[in-house]
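Take a look at the structure below.
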Amino acid sequence: MKKIDTPQELMESRYEAFKRMDGEYLAKTTTQKISSDMSGYENIEWLKLDVLDAKDDEVEFKAYYRDNGIVEVLHERSKFVKVDDEWLYDSGVLFNTKIQRNEICPCGSGRKYKKCCA
Ligand SMILES: [Zn+2]
């Protein structure tokens with residue numbers, strides 16, 4: 001596996017792990033004691049990741065996903081820590097962000113969100 005040099009790279013690799021339901025990778029790249037069980041995620045289709053800001057030990061991102069036909073956004077500012085020379089996800093603050101009704105739908109259709117996956 002590629003060596004992770006920055007919090008942003010770790011964040012992106014964890015997003016890819018969510019996509020492939022790799023609970024083991026997610027469990028071993030965080031300081032939190034979490035289970036590698038991915039139940040509850042099997043119906044989620046991850047569509048797109050936008051990194052908004054990345055500096056020092058923080059990364060702010062929006063991750064778009066489809067759950068039961070509805071496309072929604074997860075907007076988080078994550079904090080990372082370096083432990084034994086490896087970056088780990090530590091914690092995150094969630095923003096109460098909604099996709100705007102007139103935005104282009106994140107699913108890639110080119111239509112307005114309100115007329116697509118809202
Ligand atoms: Zn759509």
Nearest-ten-degree value, helix 7-19 long axis tilted from longest Cα axis of the chain:
60
So for the pair Thr6, Glu103, with labels modelled 7 Å out along Cα→Cβ, what separation do we get in nm?
2.3
In the neighborhood of Arg111, defined by Cβ-to-Cβ distances under 13 Å, what is the net charge if each Lys or Arg adds +1 and each Asp or Glu adds -1?
+3
Apply the Debye scattering formula to the chain, with a single equal point scatterer on each alpha-carbon and no solvent, then give log10 I(q)/I(0) at q = 0.13, 0.16, 0.21 Å⁻¹.
-0.54, -0.80, -1.22
Put in order of increasing Cβ neighbours within 10 Å, starting from the fewest, Ile104, Ile70, Ile4 give Ile70, Ile104, Ile4
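Please order Asp90, Asp50 by the number of other Cβ within 10 Å, starting at the fewest. Let's see the in-between values first.
Working: Asp90 17, Asp50 12.
Least crowded to most crowded, the residues run Asp50, Asp90.
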Can you list which of the GluC sites (Glu not before Pro) found in the stretch 30-79 are DSSP loop residues with at most 14 other C-beta atoms within 10 Å?
Glu42
Bridge type composition, the chain - antiparallel percent by DSSP, nearest 5:
95
Could you give the size of the charge dipole of the stretch 7-115 about its Cα centre, using +1 on the Cβ of each K and R and -1 on the Cβ of each D and E, expressed in debye and rounded to the nearest 20?
860
Could you give the length gained on full extension between Leu74 and Ile34, defined as 0.36 nm per residue of separation minus the Cα-Cα distance, in nm?
12.5 nm
Taking the chain and dividing mean pair separation by its residue count, relative contact order in percent (alpha carbons under 8 Å, at least six apart)
20
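No value in this document is a laboratory result; all are computed from the given coordinates. All of these numbers come straight from a predicted model, not from anything done at the bench. Here Cβ is always computed from backbone atoms with ideal geometry, including for glycine, and neighbour counts include all displayed protein chains.
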